[in-house]
Every structure is written in C-alpha cells, then in structure tokens.
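Here is the structure we will look at, set down as structure tokens.
Each value in this text was obtained by applying a stated rule to the coordinates, not by laboratory testing. What you see is a predicted model, and the numbers here were worked out from it, not measured in a lab. Cβ: placed from backbone, ideal geometry, glycine included. Neighbour counts: every protein chain shown.
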Amino acid sequence: MSPPEAAVRARGLGKRFGPVVALDAVDLDVPAGATLAVLGPNGAGKSTLLRLLAGLARPSLGSLCVGSQRESRPAARGRVGYVGHATFLYPALSARENLVFAARLYGVADPAARAGALLAANGLTSVADRRAGSFSRGMAQRLAIARGLVHDPAVVLLDEPFAGLDRTSAARLADALRRLHAEGRTLVLVTHELGVASALADLAIVLERGRIVHRAAGAELEAATLDAAYARAVEPAA
Amino acid sequence: MNVLLAVLWKDLLSEWRSRDRAVAMLLFSLLVVVIFHFSLPPASPDEARTLAPGLLWVATVFAALLGLGRAFALELENDALSGLALAPADRGWIFLGKALANAVLIFAVQLVTAAALGLAFDVPLAEHAGRLAALLALGALGLAGAGTLFGAVAVRTRFRELVLPLLLLPLLVPVVVAGVRATATLLETGALAVEPLRLLLVTDAVFWIGSYVLFEFVLDE
C-alpha cells in the first residue's frame, strides 16, 4: 500500500517579522485525512504557521504546498477553510447574510441554499436572520465554523477553536470536528489543551520559539505521555 | 466578478444598515458649506461662481477622506479583513468591490453637497446638473480608487487616522485641480473643458489599474 498523499507539505518554512523570527525551519507533512494538533506556549509561532498554511501570509523562507504544487495562490486558498481566533463575521449582517457573502466570495454555485444547509447543520436555523453582532460567543463560533466550511474545503485550519466556549459548546464543537475527520478532511488544529489534542488528533507537533521541538503520533498521543513529552520539550529542567 | 459583486453588496448593505460613514461625511461637507457661507459671503454672482468650484471640491475631498478612513475599520472588527483575504480569487476583485462601494458613497455626498452649495451661494449648478454629475462621478472614482488602496495600507498602521491623509492628499492633487478647473469652466461656459477632463480620466485610470495590481500585496501579511 502506498503512503497517503500529503495534504500539507512544508520544507524549511520560516517567517520573519522584521528582526523577529516567528517561525524557523519547519518541516511538516500532514497526510490527507489526518488531524494534526499544533501545540506550544504563547508566542511559539502556532498562529503564524496556520496563517501561512491559509495563504494569509507569504513565507520568508522555505517552501509550502497545500494540495497540488501546480496550483496558483488563489486556487490553493480555495482548498483551505480557516477558522481563526476571530470569527471573520460582520456584526451588521445576519447569520444567513454572512454565510451567503462567504459563499459568494468562494464562488459556491447556490449561495442561499448552501447557507441554509450550513445553518441547519450547525443548529442556527432559528437565529438565521438575527444579526451576527447579537450572537453569544458559542453561537458566533458555530457560525464562524460554518463560514469556514462554506466552500466544502479539503483542508480545515482551526486556531484555538475551543477558546472561550462553555462545556456544552466545547462538546458540540468536538463532535463537529470528529464529523469533519470522518468525512476525510485534513484538519490542522492549534490548541493549548493537550486533552483536546489527545482526543482528536492523529499527529501532534510542539512548537517552541518558532521551531518544532517534539513530534508525536499513535501511542505517543495518549494524554499522560503527551503531557510528559510537552513538559520536557517546552519546560526543560534547569 | 463574483467577488466584486459580493464585496459591493456587503459594503453597501452594511452602510445602509449603519449609515455612520454617510452621515459623518454629509455632516462634514455641509458644515464646510455653511461655515463658508457665513465667513465668505459672496458680494456678487460672479464672485460666487469663482468660489463655488474650489469649495465644492475641497469640502467633498475632505469628507471623502473621513469616509475612506472608516471604510476598512469595518473590516477590522472580528478580523474580517483576513476573511476577505482568504477568498480564492485575485485580490484585485476585492479592491474593485470596495472601491466601487466607496465611489457610490462619495458620489452621493458630492451630489448633496453640490445642491447645498448651489442654494447657499446662489450658484446655478442645477442648470448644468447632468454634466456636473458626470464630472463629480469621475472625481468620486479618482478619490475612491486611490483612497481604497491607501485605506487598506493605513488600516494596519498604528496611527491610521494620521497616515491616510498624509499618504493620500498629495496623490489627490491632480483630481482636485482637474475637478476645480472643469467645474469653473462648466459654470462659466456651460461646457466641459477637455484638458482637465483628460487629466481626470488619466488619473482615474492610473489609480484604478495601479491599485488593482497592488492590492494583492497590500492584503498579504
């Protein structure tokens, strides 16, 4: 059996902001259909890595391929669904209008029908015509995830999607991520919660000061093992 | 084209719901007209005709600056600008959508300001309504073309309210000069002068083509 095709491939990937090195010589392969958890302390470069994968930033060094190497940058952006720290929602527009707008941006064939289907799938039909600005954090997060999936992307990038969610919303989100995984999508999930990485990921990397300092797969993702490895990698004994 | 229409629809709908930019721009330009009406009352119809073109363009250029500064503030909330930048299309289409929405808003403010100026200074602008509207539309396109690009540049800077006028005003000199000259000729002769019109057209073309090309890089981090 041939190895699964890599949905994301980075070689020597680096990103500098002036003198600050946000990401340094990152090599990464994420097989199609796998879930990768990106762990690390604040300022380690996790969000920078995700924004590079999304096509929001250009690498300063190295190469990056999401999907086919022959694709243009706009086409590569179309393969990716991105759910960031922020929701990307317009508060003055209703939930439905936000999704219709996103669907039009991505050239979805029937934006209204797609928006309706996503609202139903995320339990937002009853509030579809309410302005997004009036939504609770949990509802806005569900709408943001629906927005990220509006074009049915093969690769879904999520930047701390569990931040600020209550237990019910977090459980609902975990179920949604398992569904996306079961559908064969490739997920890259930035999180501070090792438990989430253990429960959802097939692979994990730990970033520290822009470099990968630990990689885990299979049995190494068991909670206690990952916790110990994270502590060794990020907080080495003095 | 989908992206252009989507952005245009979203910007105009958001502005229709909030009306904050339109109201601020209108109030500003009308205040300028009122202030000049009392501080520089024209002694004769000829003097009014001399003052009116400069007043109209200065009032609307500064009102446009006010609105253009806010155009990307809308995109900062919830980091919606990143959401736009993710669209799988040439980012020039995003520029075209936003710039057209800005041009519509600026043009509407120009029309109301021109009407108010005509009344306040007793200048027969209404006699040349069609040609004046065409001239103002060309001016609005020029202001929106450069203003949208530099609004996107300024929005990521710390002192964006300061940066935008400093970057933009020098570039707008040809638009203002051509607009004032063409309006003055229109009031004097009832015809549109070719030379300022040509300058306005060339400036518009340079702004729109240049901004379309550069917008890809402006949205990159």
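Summary table below
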{"read-out": "Filter result for the condition that a residue is part of a helix (DSSP H, G or I), closer than 22 Å to B:L138 by Cβ and touching a residue at least 40 places away in the same chain (Cβ under 8 Å), over B:A48, B:A64, B:A24, B:A6", "value": "B:A64"}
{"read-out": "Helices (runs of 4 or more DSSP H) contained in region A:143-238 and holding at least 2 residues under 24 Å from A:R79 (Cβ atoms)", "value": "A:167-182, A:194-200"}
{"read-out": "Search result, residues across region A:100-120 that are outside any helix (DSSP H, G or I) and in contact with a Pro (Cβ under 7 Å, 6 or more places away or on another chain)", "value": "A:Y106"}
{"read-out": "Spans of strands (runs of 3 or more DSSP E) in region A:13-66 with at least 3 residues more than 14 Å from chain B (Cβ to nearest Cβ) and charged (D, E, K, R)", "value": "A:20-31"}
{"read-out": "Only listed residue being surrounded by fewer than 21 Cβ atoms within 10 Å (Cβ to Cβ), on the phi > 0 side of the Ramachandran plot and either away from chain A (no Cβ under 14 Å) or acidic (D, E) (or both), chosen from B:D46, B:D79", "value": "B:D79"}
{"read-out": "Output for region A:86-105, where each listed residue is facing chain B (nearest Cβ under 7 Å) and either buried (at least 24 other Cβ atoms within 10 Å of the Cβ) or at positive phi (or both)", "value": "A:T87, A:F88, A:L89, A:Y90, A:F101, A:L105"}
{"read-out": "Selected residue (only one of B:V123, B:V213, B:V153 is part of a helix (DSSP H, G or I), touching a residue at least 24 places away in the same chain (Cβ under 8 Å) and over 18 Å from the mean Cα position of the chain (by Cα))", "value": "B:V213"}
{"read-out": "Which numbered condition B:A87 fails, given (1) within 14 Å of chain A (Cβ to nearest Cβ); (2) part of a helix (DSSP H, G or I); (3) of a type in the set (A, V, I, L, M)", "value": "(2)"}
{"read-out": "Sole residue being surrounded by fewer than 18 Cβ atoms within 10 Å (Cβ to Cβ) and of a type outside the set (V, I, T), chosen from B:G142, B:G147, B:G190", "value": "B:G190"}
